[in-house]
Amino acid sequence: MAADDDLLIRSVTDAEAFEPLVTRHSAALHGYLARRAPDAADDLLAEVWLRSYAGRAGFDPARGTARTWLFGVARNVLAAHWRQRAKDPFAALGEERGSDPWHAVDQRLDAAAVAPLMRRTIAQLPEVERELLLLVVWEDLTPAEAAAVVGIPPGTARSRLHRARGRLRAVLAPEPPGPPRTLRMAGDWT
């Protein structure tokens, strides 16, 4: 069992065991939230820690690590945030970005010419593929950990992640125009 898993389990009876989890995972969780809801990331992180502390007895190490459990809580908090904003007609007043959580993608890309294309492509991915891709690429989770966060089997996550990466590759490096390339067979060097 990982040290974080042990701390989370121990925190049910020893509240002080929860504090190292906050220290270790706050930066990663804040980054996850800031890339999706930059104006609310601080408040959402506080909500993540409140819900994590309140629900720590429900952690099951057989279903994943403490890290994946925390990202799952963060994902649920973020989903509740977006649902609440959709219900509140005044929530987006005065905001240029509204409900576009992908504007931060532009800041992460070096090539400004690719940013709009990359943003459109990522936004067009099915929700689960997009979330898996971002969890693996930005949050540095393994595909198995990302699968636990979104609640799907690891094999399914790997295939959806492969599909999402393939779509991005196709957009970023399309086949050059012209006749299709043919492979030469051994001995076919004339």
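The values are calculated or read from the model by the stated rules, or taken from the named source; none is laboratory data. Just so you know, these numbers come straight off a predicted model, no measurement behind them. Ligands, DNA and RNA are excluded from the accessible area calculation, which covers all protein heavy atoms including side chains. Shrake-Rupley method; radii C 1.70, N 1.55, O 1.52, S 1.80 Å.
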What are the residues in the range 110-127 that are in a helix (DSSP H, G or I) and open to solvent by 40 Å² or more (accessible area, probe 1.4 Å), if any? P116, L117, R119, R120, A123, Q124, E127
The lone condition G98 fails out of (1) modelled with pLDDT under 90; (2) open to solvent by 30 Å² or more (accessible area, probe 1.4 Å) is (2)
Qualifying positions in the range 13-49 - of a type in the set (A, V, I, L, M) and open to solvent by 70 Å² or more (accessible area, probe 1.4 Å): A27
